[in-house]
1. Can you tell which of VAL82, VAL90 is β-branched (Val, Ile, Thr) and assigned to a helix (DSSP H, G or I)?
2. Among (1) among the aromatic types (Phe, Trp, Tyr); (2) modelled with pLDDT of 95 or more; (3) out of contact with any strand residue (DSSP E or B) (no Cβ under 6 Å at 6 or more places or on another chain), where does PHE56 come up short?
3. Among the residues in the stretch 93-114, are any assigned to a loop (DSSP other than H, G, I, E, B) and at pLDDT below 95?
4. Just checking, does the stretch 141-158 include any residue being modelled with pLDDT of 95 or more, part of a helix (DSSP H, G or I) and touching a Phe, Trp or Tyr at 6+ places or on another chain (Cβ under 6 Å)?
5. All but one of (1) in a helix (DSSP H, G or I); (2) farther than 21 Å from PHE69 by Cα; (3) not aromatic (Phe, Trp, Tyr) hold for HIS126; state the number of the condition that does not hold.
6. Looking at this structure, is ALA19 closer than 13 Å to ARG113 by Cα, out of contact with any helix residue (DSSP H, G or I) (no Cβ under 8 Å at 6 or more places or on another chain), at pLDDT 90 or above and exposed (fewer than 15 other Cβ atoms within 10 Å of the Cβ)?
Amino acid sequence: MRANLSYWGWLGVAAVVVACDQASKWLAGAAIGFGERIEVLPFLSWVLWHNDGAAFSLMSGLGGWQRWFFLALGAGFCAFIVYELRRLEVGGLLQGWGCALILGGALGNMADRLATGHVVDFVLIHYGAWYFPAFNLADAALTCGAALWIFCMVRDSRKEKMSR
């Protein structure tokens, strides 16, 4: 395994994401009652909801087996991301950010599942009768990290095609 000078730094970024995610969930739980909704802006509310399923509550309420399924899936994916971070070339800034955000987000939600069996969601975006599913900082980090990762894959694919 070759050493990557930025490897520990990216793990540090992931740790900060986990810490911010867990702190924000703790603050939400301390300030908002379960099921309560506090309107912040006409399109943004704080809520306190629990999700034992995946994104958009997929597989929610299936008796609890999904907790262990999502933990195992998350552990495998985190191992893959750590492997990718080890292989990351020095200077792979966008890829590093993408991997660190994905890793931090996944670990943040895994910590919830391990401790309580569900993920705490507290951000609700809405407009009129339209609602986007509630989410948390870990979900936002995962989404931004995945977008960066996809961008890097497309960019690298185009570079490769141009160099042929």
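1. After ruling out the rest, the residue left standing is VAL82.
2. Checking PHE56 against (1) among the aromatic types (Phe, Trp, Tyr); (2) modelled with pLDDT of 95 or more; (3) out of contact with any strand residue (DSSP E or B) (no Cβ under 6 Å at 6 or more places or on another chain), the one that fails is (2).
3. Taking every residue of the stretch 93-114 in turn, none turns out to be assigned to a loop (DSSP other than H, G, I, E, B) and at pLDDT below 95.
4. yes
5. (1)
6. Answer is no for this residue.
The values are calculated or read from the model by the stated rules, or taken from the named source; none is laboratory data. Note that the coordinates shown come from a computational prediction; the quantities given were computed from them, not determined experimentally. Positions of Cβ are generated from backbone atoms using ideal geometry, with glycine treated the same way; all protein chains shown enter the neighbour counts.
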